[in-house]
Each structure stands twice: as structure tokens, then as C-alpha cells.
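Engineer: One structure follows; several queries about it will come next.
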Amino acid sequence: MSEHSETRTGHGGASALEHRYEVRSRTERYRGRIFGVVSEEVAMPGGGTGVRDVVRHVGAVAVVALDAAGQVVLIRQYRHAVGRYLWELPAGLTDVSGEDLAAAALRELAEEVDLTAGRVDVLVDLHSSPGFTDELVRVFLARELTDVPAEQRHERRDEEADLQVLRVDLDEAVGMVLAGEITNASCVAGLIAAARARDTGWSKLRRADAPLPG
């Protein structure tokens, strides 16, 4: 093992010999409402540098909404980037200034599936594709579900106007993951985490305001 290789000292620690990937220069390629793209020249082990293109993302939340019967709420939504419909969790961007993550999750739950929740916990955090983006998704577990009154429901537009909503037993949903029928990253992670959390009596859940990793 070279002196620049990572040596773990615990779940979150690393040796003092870990290489520092310092940014030597940065060029902005694109800036939009949801993400920007930059090219960064980064110091590499051994003394050289490499250029990495990075998508800087605003972040997102997703919600495993679990009802009293043990069913999870899934949505089927068209995703143009992959050119097809995907089974997903209610989810959305963390792009409202000053809004905390749990509030964002409850907002998306109401807007996409007309539900609110009496209890919200953190299930799992994930970097969706760390090879090229810093996007961090926090997946919440929402329980004690109730319907949003009809007169207060959000008017869904664009792709959201085409949403299909389905309630599926949690174990059946995990089976859909393993069968390759669910491929959305936050949905895969959230469903498997929810099944594990349920099987351990919900003892490992983090509070809704738990700090983000990093």
C-alpha cells in the first residue's frame, strides 16, 4: 500500500497519510437553477494533476411513506433523461431557501401524493453518483399518514400531472428492487433501508434533524 492510499481507522476515520486532492484551478462550464458544471484541475498522488468534470447539485430529499398496513407509497413517473417511466419515491429538490430537509420532504409528500405524516425520521443518506456529481439525497421515513384535504391539494403540472400512485407491501417493493423493476437510486436505497429498519424494530433510525454526513 502506498503512502497515499487510504487506510481506515474506523467507520469514518482515515490515516493521516491520506492524500489531499487539492483543487489547483477551476473553470465553470454551465450554471443553471438545479445544477452547475465545473472542470477542476486536481492534485493527484505522485505529484501530477488530473482534470475532473463535476456536476454541482442543489441536493434532494425522498420519502418512504409507510402506512399502517405496512404498504409503501410508490410513484411511476416519466424521466426524460432515460426515456422511460420509473418507479420512484415521492421526492424533490432542496431548492427552497431556508427550508429544512424534513419540511422539504413533507412538502414533496403533499405535492406528489396528497399525504402528510405525523412522524418523520431519517432512513439513509446517499451520494447518487459520486463519480461525477456532489448530489446528496436524504431519504426520510414518513409514518402516521393522513390525506391532505381535497381543497388544499397541489395542482400537479408537466411530468407530475402524469404521475401514477401505487401502494405496495414493503417486502413486495423490495422484491421489485431485486427483480430489477425499480432502478431509481434513492428508491432502491430507501426501500432496502426501510425493510432493514423495520426488521430491527426501528431502533437505528436517526431523528429528522440529524446532521448531514461530511
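Engineer: Near residue 210, within a Cβ-to-Cβ distance under 12 Å, what is the net charge of the other residues, with Lys and Arg +1 and Asp and Glu -1? Walk me through the intermediate numbers first.
Structural biologist: On the way: positive: 138, 204, 206, 207; negative: 100, 121, 125, 209.
It works out to a net charge of 0.
Engineer: I want the local charge near residue 56. Using Cβ-Cβ distances under 14 Å, sum +1 for each Lys or Arg and -1 for each Asp or Glu among the other residues.
Structural biologist: Working: positive: 26, 29, 31, 33, 52; negative: 28, 40, 53, 95, 134, 135.
Once all neighbours under 14 Å are counted, the net charge is -1.
Engineer: Right, here's the next one. Accessible area per residue, 1.4 Å probe, Å², for the chain: what's the number? Show your work: numbers first, answer last.
Structural biologist: Details: 12410 Å² over 214 residues.
Accessible surface, normalised per residue, equals 58 Å².
Engineer: In nanometres, what is the gap between the two model label sites at residue 119 and residue 160, each 7 Å from Cα along Cα-to-Cβ?
Structural biologist: 2.8 nm
Engineer: Can you tell me the relative contact order of the chain? Whole percent, Cα pairs under 8 Å, sequence separation 6 or more. Each step should come with its number before you reach the end.
Structural biologist: Values: 408 pairs, mean separation 42.0, N = 214.
Across the chain, relative contact order equals 20 percent.
Engineer: I've got another one for you. Rounded to the nearest 10 degrees, what's the angle between the helix 101-113 long axis and the longest principal axis of the chain, both from Cα atoms, 0 to 90?
Structural biologist: 50 degrees
Engineer: Of the listed values [x] 44; [y] 50; [z] 40, grab the one calculated as percent of Cα pairs over 24 Å apart from the structure here.
Structural biologist: It is the value labelled [y].
Engineer: Compute the FRET efficiency between residue 183 and residue 53 as 1/(1 + (r/R0)^6), taking r as their Cβ-Cβ distance and R0 = 30 Å, and round to the nearest 0.05. Each step should come with its number before you reach the end.
Structural biologist: On the way: r = 24 Å, r/R0 = 0.80.
After rounding to 0.05, the efficiency reads 0.80.
Engineer: Quick check: with the 1.4 Å probe, what order do 17, 191, 93 take by accessible area, largest first?
Structural biologist: Details: 17 105, 191 0, 93 40 Å².
So, going from the largest accessible area down, we get 17, 93, 191.
Engineer: Quantify, in whole percent, the carbon and sulfur part of the accessible surface of segment 21-64 (1.4 Å probe; protein heavy atoms only).
Structural biologist: Details: 1280 of 2700 Å².
Heavy-atom surface of segment 21-64 belonging to carbon and sulfur, 1.4 Å probe: 48 percent.
Engineer: A further question follows. From the protein chains alone at 1.4 Å, what is the descending order of accessible area for 140, 132, largest first? All intermediate terms of the calculation are to be shown ahead of the outcome.
Structural biologist: Numbers: 140 0, 132 105 Å².
From most exposed to least exposed: 132, 140.
Engineer: Something else about it: Express the carbon and sulfur contribution to the solvent-accessible surface of segment 78-189 as a percent, rounded to the nearest whole number, probe 1.4 angstrom. Can you show the working numbers first?
Structural biologist: Numbers: 2780 of 5870 Å².
Reported share for carbon and sulfur atoms: 47 percent.
Engineer: Something else now. Please report the accessible area of residue 85 (heavy atoms, 1.4 Å probe, ligands and nucleic acids excluded) in Å², nearest 10.
Structural biologist: 80 Å²
Engineer: Mind grabbing the accessible area of residue 100 for me, 1.4 Å probe, Å², rounded to tens?
Structural biologist: Counting only protein heavy atoms, the figure is 90 Å².
The values are calculated or read from the model by the stated rules, or taken from the named source; none is laboratory data. Note that this is a predicted model, so its numbers are computed, not measured. Using ideal geometry, Cβ is built from the backbone for each residue, glycine included, and neighbour counts are taken over all protein chains shown. For the accessible areas, the whole protein counts, side chains as well, though only heavy atoms, and no ligand, DNA or RNA atoms are used. Shrake-Rupley method; radii C 1.70, N 1.55, O 1.52, S 1.80 Å.
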